[in-house]
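Accompanying notes for the structure given below.
Just so it is clear, none of the values below were taken in a lab; they were calculated from the coordinates. Remember, predicted model here, so these are calculated numbers, not experimental data. Note: ideal-geometry Cβ built from the backbone for every residue, glycine included; neighbour counts use all protein chains shown.
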Amino acid sequence: MKFNPKNVRFSTAAGTGLWLVLLLWATSLVAGDVLSPDDLLRIRSVTSASISPDGRWIAYTVSVPREADEPAGGAWSELHVVSTRSGESRPFITGKVSIRALAWKPDGSAISFLTRRNGGLTQVWMIPMAGGEAQQVTHADNHIFSYAWHPSGEKIAWLATPPKSARQRALEKKGYGFIYFEENLRHRNLYIAEAGSAASEQLTKDITLWDFTFSPDGNTIAFSASPQNLIDQRYIGQSIYILNLADKSVRRLTDNPRKLGNFRFSPDGRQLAFAAALDRKDNAVSQAFVIPVAGGKARNLTPPNFRGHINWVGWKDKKTLLYMAGEGTMTTLSTVKASGGKRTVILHSKDSGIVTAPPSYTRDFRHFAFVGQSPQIPRDLFYWQPGKALKRLTTVNPWLAERELGKQEVITYKASDGQAIEGILIYPVGYEKGKTYPLIVLVHGGPETHYSNGWLSRYATPGQVLAGKGYAVFHPNYRSSSGYGIEFSATGYNDAAGREFDDIADGIDHLIAIGLADKKRVGMGGGSYGGYASGWFATYYTDKVRAVCMFVGISDLISKRGTTDIPYEELYVHSGKKLEEMWQESLKRSPIYWAHQSKTATLIYGGTADTRVHPSQSLELYRRMKMNDHPAVRLVQYPGEPHGNRNQTGQRDVVYRILDWWDWYVRDLKPLDGPRPPLDISARYGIELPQ
């Protein structure tokens with residue numbers, strides 16, 4: 001909150017005493033509290049939104065972080081409903097609950113969602129808009145992954161794997177539950193039932209479904225599927241099929257497996273729009289396609305040489321496609337004729353100031369609901385009517401207005417080869433031009449993702465907390481990032497840690513050259529591919545950073561390819577060659593190869609149940625550094641955590657531990673061969689412990 005003298009009115013007869021009181025009050029407002037680690041860990045977020053068929057109501061979920069002393073687990077997720085007319089919001093299901101996958105019954109009389117109750121299976125439940133208790137809609141034999149209402153509202157379909165047989169359960173109970181790696185997998189099948197009925201019909205077999213949608217008349221279903229239930233095939237092995245509900249016949253509609261986004265029938269059911277990568281080598285969903293449901297060739301409606309990535313598609317009407325894209329640090333919503341032509345941008349974050357997720361909207365195209373964010377807003381609910389301004393409907397963190405945040409802006413610099421690179425810079429709170437500051441570089445993962453100019457502070461990337469502590473914080477959209485077109489995002493193909501990480505080094509040099517960053521006080525952090533970058537800068541580019549925090553990062557490209565759960569995605573999308581054709585190149589692009597020369601304090605951390613970047617990647621770099629007598633390396637592991645910490649316990653430890661590491665070695669320039677930051681930081685967790 002900032003003091004605005006125009007908002008203060010008083011009588012001049014009040015004298016100088018009142019002037020002094022107002023001056024002190026204004027000073028206290030300007031010098032507000034900065035964002036603390038505890039603040040960061042209690043931030044709530046709107047995570048999904050679904051608008052009613054008539055546009056009068058929006059159902060939305062709010063993520064509520066667990067308290068430090070609660071049993072370890074992910075954030076709670078509450079259900080709320082807000083009126084688009086009055087803006088009044090009502091809590092529907094709150095407390096220690098986990099609500100997700102919101103949908104309106106087609107007649108708008110109730111809201112459905114997925115949840116578990118009383119230790120049971122995840123099922124579809126429904127709560128009437130008029131009020132009352134939630135009712136169970138499905139009675140599946142196993143946990144439901146996703147679902148959709150039949151357009152009639154009388155039936156509901158869902159995806160689930162069949163439960164283990166009695167024989168399998170008995171074997172496990174007797175100690176014979178062996179793991180047959182990537183074999184005897186259970187398919188994700190499609191089921192349908194009358195709403196509320198315990199009897200259901202299985203519609204698919206011998207294939208794994210990942211997503212599906214009903215045609216407007218309810219006679220057919222489009223679904224995406226792969227031959228096996230493997231995450232690798234979900235990434236790059238999906239095709240789209242059409243299921244006829246009358247005779248249960250199935251035919252393939254697309255036959256070019258690649259990364260696939262969402263897909264939707266046109267209002268007349270004759271065409272299907274889908275978002276997808278251009279081809280198998282394209283590292284991210286980037287294009288908008290339309291294909292006749294009867295069969296034929298798909299038409300690519302993406303603008304030529306598009307400097308962005310399309311990530312979601314829908315329909316305005318039977319002749320007009322709607323799509324959302326990331327364009328640099330911005331988001332856009334556009335329409336284009338299904339027959340082709342130039343697009344029309346109907347909503348742009350540079351105008352609204354809000355970076356938006358894909359919308360939920362009414363069939364008449366008059367009412368839209370978005371989850372949106374900005375540099376000052378973590379994630380809230382927004383309502384939009386085309387032609388009008390975006391309207392904020394919620395403020396789930398009202399206390400955030402009392403915190404002083406660092407200024408955030410998009411910057412552009414030239415890499416050493418002349419390419420323009422964008423990034424987002426958060427200035428230190430109280431920034432003074434001409435003064436140098438310690439710098440922390442936070443590198444995104446993927447690399448097929450990018451930073452948008454929204455709220456960037458999370459437990460593993462605490463940008464605004466760092467700004468409050470006097471750091472400049474830089475978020476580079478280095479080459480290989482999405483959002484800048486296919487050519488830009490393909491830079492790292494068969495060139496891991498090449499030009500892409502050179503761009504980050506050039507960004508550091510730029511911030512030093514303009515006098516913002518202190519050359520001697522630079523740190524880095526990131527997770528997954530951002531962890532790979534952190535390991536690379538701790539070893540290969542060790543002269544550029546004094547301390548790094550490497551989260552679930554890659555240290556050995558050779559062993560990574562043999563332990564990851566997405567080996568074919570890595571082959572087709574990133575490396576481009578089999579390992580046997582690039583042993584030496586892979587070794588030289590691995591942080592372990594350069595570990596012997598490291599002069600960078602290195603904190604390595606991650607979960608023990610990570611299947612994407614195996615925990616051995618962390619251990620390998622730790623071992624190579626220790627065997628080369630590195631004095632400032634530490635490995636912290638989080639039991640049971642996957643690729644990123646889900647539980648509030650691990651998140652709490654991470655944010656305090658990485659801040660300590662950077663403060664110790666970057667801000668305070670403690671010697672690498674001296675004492676390390678405290679290992680036991682449990683006093684900061686906010687939990688009751690014996691003395």
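Contact order for the chain, expressed relative to its length and based on alpha carbon pairs under 8 Å spaced 6+ residues apart, stands at 9 percent.
Could you order the peptides 255-266, 327-338, 602-613 from most to least packed, using the average number of other C-beta atoms within 10 Å per residue?
Working: 255-266: 19.5, 327-338: 21.1, 602-613: 22.6.
Listed from highest to lowest mean packing, they are 602-613, 327-338, 255-266.
Here, region 231-319 has an Rg and a Dmax of 13.3, 44 Å when only alpha carbons are counted. Rounded to the nearest whole Hz, the Karplus-based 3J(HN,Hα) values (6.51 cos²θ - 1.76 cosθ + 1.60, θ = phi - 60°) of region 94-104 follow the sequence 10, x, 7, 10, 10, 10, 8, 6, 6, 7, 8, with x at glycine and proline. Here each label is just a point 7 Å from Cα along the line to Cβ, and for Asp351 and Lys391 those points are 1.8 nm apart.
Region 502-553 has equivalent-ellipsoid semi-axes of 20, 10, 9 Å, by the square roots of 5 times the alpha carbon gyration tensor eigenvalues, sorted largest first.
Peptides 468-477, 672-681 ranked from most to least packed, by the mean per-residue count of other Cβ atoms within 10 Å: 468-477, 672-681. A helix-only calculation puts the chain at -4500 deg cm²/dmol for mean residue ellipticity at 222 nm, using -39500 (n - 2.57) for each DSSP H run of at least four residues, averaged over all residues. Relative to the compact-globule estimate of 2.2 N^0.38 Å, the Cα radius of gyration of region 347-425 comes out at 1.39. Taking all Cα-Cα distances within region 457-519, those exceeding 18 Å account for 51%.
For an R0 of 45 angstrom, estimate the FRET efficiency from the Cβ-Cβ distance between Arg251 and Glu172 and round to the nearest 0.05. Calculated value: 0.70.
Value of Rg to Rh for region 404-684, rounded to two decimals, is 0.94; Kirkwood radius and Rg both from alpha-carbon coordinates.
What's the extension gain from Lys337 to Thr213 if we count 0.36 nm per residue and subtract their Cα-Cα distance?
Working: separation 124, 0.36 × 124 = 44.64 nm, distance 2.20 nm.
Result: 42.4 nm gained on full extension.
When every Cα-Cα distance of the chain is counted in 10 angstrom steps from zero, the calculated P(r) takes the values 3, 13, 23, 27, 20, 10, 3, 1, 0 percent. Placing a label point 7 Å from the Cα of Ala72 along the Cα-to-Cβ direction, the residues of region 636-657 whose backbone N falls under 16 Å of that point are 636-655. Between the beta carbons of Lys414 and Leu579, assuming R0 = 25 Å, the FRET efficiency works out to 0.10 to the nearest 0.05. Each of Glu133 and Lys588 was given a label point 7 Å from its Cα along the Cα-to-Cβ line. The distance between the two points is 7.0 nm. In this simple spin-label model, placing a label point 7 Å from the Cα along the Cα-to-Cβ direction at both Arg116 and Ile514 gives a separation of 4.8 nm. Phi-derived couplings, Karplus 6.51 cos²θ - 1.76 cosθ + 1.60 at θ = phi - 60°, listed residue by residue for region 129-146: 5, 6, x, x, 7, 5, 10, 6, 9, 10, 9, 6, 7, 8, 4, 8, 8, 7 Hz, with x used for Gly and Pro.
Does region 553-691 come out rounded, prolate or oblate by the C-alpha gyration tensor, with a ≥ b ≥ c the root eigenvalues, rounded set by a/c under 1.5 and, if not, prolate when a/b is larger than b/c and oblate if not? The shape class here is oblate. Quick note on region 277-330: its Rg to Rh ratio, both from C-alpha atoms and Rh being the Kirkwood radius, is 0.98.
Set the Förster distance to 22 Å, then compute FRET efficiency between Arg186 and Arg100 from the Cβ-Cβ distance, nearest 0.05.
Details: r = 22 Å, r/R0 = 1.00.
It comes out at approximately 0.50.
The alpha carbon convex hull volume per residue for region 555-604 rounds to 87 Å³. In this structure the amide hydrogen of Asn477, modeled in the peptide plane, comes within under 5 Å of the amide hydrogens of Glu422, Gly423, Ile424, none closer than 5 places in sequence on its chain. Computed over region 159-257, the alpha-carbon pair-distance distribution with 5 angstrom bins reads 2, 11, 18, 21, 17, 12, 9, 6, 2, 0, 0, each value a whole percent. Assign one of three labels to region 39-107, namely rounded, prolate or oblate, based on the Cα gyration tensor with a ≥ b ≥ c the square roots of its eigenvalues; rounded applies when a/c is under 1.5, prolate when it is not and a/b is larger than b/c, and oblate otherwise. Prolate.
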